[in-house]
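The values are calculated or read from the model by the stated rules, or taken from the named source; none is laboratory data. None of these values were measured; they are calculated from a predicted model. Cβ atoms come from the backbone with ideal geometry, glycine included; neighbour counts cover every protein chain shown. What goes into the accessible areas is simple: the full protein's heavy atoms, side chains included, and nothing from ligands, DNA or RNA. Shrake-Rupley method; radii C 1.70, N 1.55, O 1.52, S 1.80 Å.
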Amino acid sequence: MKFKAFCGSVVVSAAVFSMSTGCSCSGGGTPKLDEVTDDSASVIVSGEVVSDMIQNISSPVEMANEIKNSGVSFSKDILNAAGKESLYETSFKMATNLGVYAADLGYINTFGKSTVVVDYLTSIKRLADGIGVGQFLDFSTLSSLAKNSTNLDSLKQLSVNSFNNIDKYLREHKRSNVSTAIVVGTWIEGIYITGAVISQTHDKGLIDRLGEQKNIVDIISIVVNTYGRSDSDFKAIAREIEKLKEIYSGVEVTTQMGTPVSKEVDGMLVIEQNEVTTVNISPEQVDAIIKQVEVIRNLIIK
């Protein structure tokens, strides 16, 4: 999934989210999430940083595919229960949990669990309405597709298109802060689900993917810390992200150029440069990351 930020920006395409940041707001009290726009930014993260983050954040569908390929069975218990949206009363809570449910939906769709899709779509629609972007979710069509397992590919594509339109709207209306909250929720839920599966399977591929998140923890930390200067919700998340960043500091991630490969695309020869990533992460670090992600996730969903 993709998504955007509070005095900056993030992209949401139901698979990855683009972000930028910075802000210093004055006046009495803490401004509401949707009352602060990009115009109030005093610091903006560069487009290069945003692009790098987008490339490194895994989509919920992508991660769910890897989870499914590990051989583990679908588990509804590891998801944030549908129907809790009434508990999320602030814009920040609505946005972050919209991201959480979006990640859950990617997991559900990948396993083809059409019987629970509608419940999650209902929660997503209500939260989207709460932050003023519900018009981009065609609930009747999404629900219809969800009831038929043969339509899952169409459902995935429509979900992606919907979240892309949400991100575009938020950026055009200078509500990047709301997009940032969404992407944080999606990112954390994706890591949480991955961690829950690792605890069961100890799958090497998933452990490597968990370790690779070190590449974006620093960027996420900068963004939420910047927003935390003026927003108490971002500040609370930032404190816990800093702890996660400290755990990741001991993880080693190296990337080397692999052997180029050629393939034919639309009748044309295309050469791609492969990269080989090596992750050095201990069982103790894996456990510590999983536990800290759970702390952050509980802060979001409760």
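Stretched out fully, how many nm does the piece from SER262 to LYS291 gain, at 0.36 nm a residue minus the Cα gap?
6.3 nm
Could you report the stretch 221-261's accessible area per residue, 1.4 Å probe, as an integer in Å²?
Computed with neighbouring chains in place, this is 52 Å² per residue.
Radius of gyration and Dmax for the stretch 237-299's Cα atoms, expressed in Å?
18.5, 51
From zero outward in steps of 10 Å, how is the percent of C-alpha pairs of the stretch 153-244 spread across the bins?
14, 35, 35, 15, 1
Relative to the present Cα-Cα distance, how much length would full extension add between ASN274 and ASP138 at 0.36 nm per residue of separation?
That works out to 45.1 nm of additional length.
Give me the tail of P(r) for the stretch 178-302 as a percent: Cα-Cα pairs with distance above 17 Å.
So the portion of pairs separated by more than 17 Å is 61 percent.
Assuming R0 = 25 Å, can you tell me the calculated FRET efficiency for the pair SER199 and LEU87, based on Cβ-Cβ distance, to the nearest 0.05?
0.45
Under a crude label model (7 Å from the Cα following the beta-carbon direction), how far is ALA236 from SER75 in nanometres?
2.7
Viscosity 1.002 mPa s, temperature 20 °C: what is the translational diffusion coefficient of the stretch 76-133 from Stokes-Einstein with a Kirkwood Rh over Cα pairs, rounded to a whole number of µm²/s?
190
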